[in-house]
Amino acid sequence: MLIFNNKADLNKHLQSQLKENFTIGFVPTMGALHQGHLSLLMKSLENNSITVISIFVNPTQFNNPEDLKKYPRTLESDVEKIKTISNKIIVYAPSVEDIYEGNTKSEHYNFDGLENQMEGKFRPGHFDGVGTVVKRLFEIVKPTNAYFGEKDFQQLQIVKKLVEKEKISVKIIGCPIFREENGLAMSSRNERLSKEERNKAAIIYKTINQAKALFGTKSAKEVTEFVTKTFLNHPEFELEYFEIANQDTLLTCIRKNKNKKYRAFIAVFVNKIRLIDTISLN
Ligand code: AMP
């Protein structure tokens with residue numbers, strides 16, 4: 001399996017592969033791979049001549065230094081997991097220097113307000129970091145198609161906006177959320193939960209499903225109150241936000257409009273570990 005640690009070698013290899021109708025599928029990740037990441041890789045493998053995965057814990061998208069420090073880094077086992085689906089996948093696992101060339105700072109972006117909602121509100125600078133690294137990775141890999149999970153739905157919308165605004169020639173493909181048996185959305189951060197916490201965290205998906213059912217007859221405000229109350233009854237969880245928002249603009253739903261599509265978004269702390277999830281309400 002080919003593993004590159006620097007962009008020059010990766011570029012040289014990708015250039016050598018160029019043929020007519022050649023397509024590059026790209027899956028950017030921060031590693032500590034799970035089935036969710038692998039499902040993105042499978043989709044890319046099905047539809048492209050070559051699949052590249054990047055494994056890079058991007059420092060500029062972390063607003064919390066402790067979170068960055070504790071983020072799992074498991075390159076060896078990640079490579080083993082990738083091998084189980086194909087040994088033709090190309091791994092790009094760069095250093096911070098290879099991506100940032102001595103200037104570990106974000107660009108500043110205007111994503112037409114998408115960046116000011118939810119994750120943007122609670123993680124200042126997060127989407128500038130995401131935009132910066134995704135743009136650099138796209139410049140390096142030059143993918144035809146890039147695969148992003150709906151688990152980070154706001155990120156998916158922001159990446160689409162980045163591509164539109166920066167006129168980057170790549171198709172962004174959103175992929176469904178992969179879940180554990182109890183419904184908990186798979187996440188690299190789940191590794192940091194104890195077995196008991198992992199079991200209990202099933203309440204996140206259960207609650208957003210209940211919210212979805214309620215949204216059929218209740219207002220967004222009433223549904224939000226229900227979710228807030230549910231988590232107050234489970235003090236081992238700290239609800240950071242629950243929001244019902246327009247799927248396209250990500251603006252909070254004040255009054256339902258039956259021609260618009262809505263989604264519920266949630267962020268919850270379990271023992272200082274931050275978990276997010278989302279569900280379509282239509
Ligand atoms: P991360 O390594 O957390 O930055 O995630 C890399 C990519 O995998 C992002 O596009 C995520 O949205 C996606 N992803 C993470 N968790 C899941 C999941 N449970 N199901 C589907 N995609 C996911």
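Which members of the range 168-183 meet the condition of being over 16 Å from Q155 (Cα atoms), among the hydrophobic types (A, V, I, L, M, F, W, C) and near the ligand (Cβ under 9 Å from one of its atoms)?
Within the range 168-183, F178 is the sole residue that qualifies.
Looking for something within 19 Å of M118 (Cα to Cα), part of a helix (DSSP H, G or I) and either of a type in the set (K, R) or open to solvent by 20 Å² or more (accessible area, probe 1.4 Å) (or both) - is there at least one such residue anywhere in the range 233-247? Give the derivation first.
The initial filter retains those residues of the range 233-247 that are within 19 Å of M118 (Cα to Cα), namely 237-247.
Keeping just the survivors that are part of a helix (DSSP H, G or I) gives none.
Checked against the condition, which is being within 19 Å of M118 (Cα to Cα), part of a helix (DSSP H, G or I) and either of a type in the set (K, R) or open to solvent by 20 Å² or more (accessible area, probe 1.4 Å) (or both), the range 233-247 yields no hits at all.
If you check F138 against the conditions, is it closer than 27 Å to S77 by Cα, open to solvent by less than 40 Å² (accessible area, probe 1.4 Å) and away from the ligand (no atom under 11 Å from the Cβ)?
On the way: closer than 27 Å to S77 by Cα: yes; open to solvent by less than 40 Å² (accessible area, probe 1.4 Å): yes; away from the ligand (no atom under 11 Å from the Cβ): yes.
Yes; evaluated as a whole, the condition is true for this residue.
Return the pair list, or none, for Cβ contacts closer than 8 Å from residues in the range 130-148 that are part of a loop (DSSP other than H, G, I, E, B) to residues that are modelled with pLDDT of 95 or more and crowded, with 24+ Cβ neighbours inside 10 Å, at least 6 apart or on different chains.
These pairs meet every condition: P143/G25; P143/F26; P143/V52; T144/G25.
On the basis of being out of contact with any Gly (no Cβ under 7 Å at 6 or more places or on another chain), within 14 Å of K151 (Cα to Cα) and of a type outside the set (S, T, Y), does L184 make the cut? Can you show your working first?
On the way: out of contact with any Gly (no Cβ under 7 Å at 6 or more places or on another chain): yes; within 14 Å of K151 (Cα to Cα): yes; of a type outside the set (S, T, Y): yes.
Yes.
Within the range 211-232, can you find the residues that are closer than 23 Å to E119 by Cβ and either without any contact (Cβ under 8 Å) to a residue 60 or more places away in the chain or surrounded by fewer than 18 Cβ atoms within 10 Å (Cβ to Cβ) (or both)?
Initial filter on the range 211-232 (closer than 23 Å to E119 by Cβ): 211-212, 215, 220-221, 223-228, 230-232.
Those that are closer than 23 Å to E119 by Cβ and either without any contact (Cβ under 8 Å) to a residue 60 or more places away in the chain or surrounded by fewer than 18 Cβ atoms within 10 Å (Cβ to Cβ) (or both): A220, K221, V223, T224, E225, F226, V227, T228, T230, F231, L232.
Of (1) in contact with a Leu (Cβ under 8 Å, 6 or more places away or on another chain); (2) under 20 Å from L18 (Cβ atoms); (3) of a type in the set (A, V, I, L, M, F, W, C); (4) more than 14 Å from the ligand (Cβ to nearest atom), I85 satisfies all except one. Which?
(2)
The values are calculated or read from the model by the stated rules, or taken from the named source; none is laboratory data. Bear in mind that the values here come from a model prediction, so they are computed numbers and not experimental data. Don't worry about glycine lacking a Cβ; one is built from the backbone with ideal geometry, like all the others, and counts go over all protein chains shown. Just the protein is used for accessible areas: all its heavy atoms, side chains included, with ligands, DNA and RNA removed. Shrake-Rupley method; radii C 1.70, N 1.55, O 1.52, S 1.80 Å.
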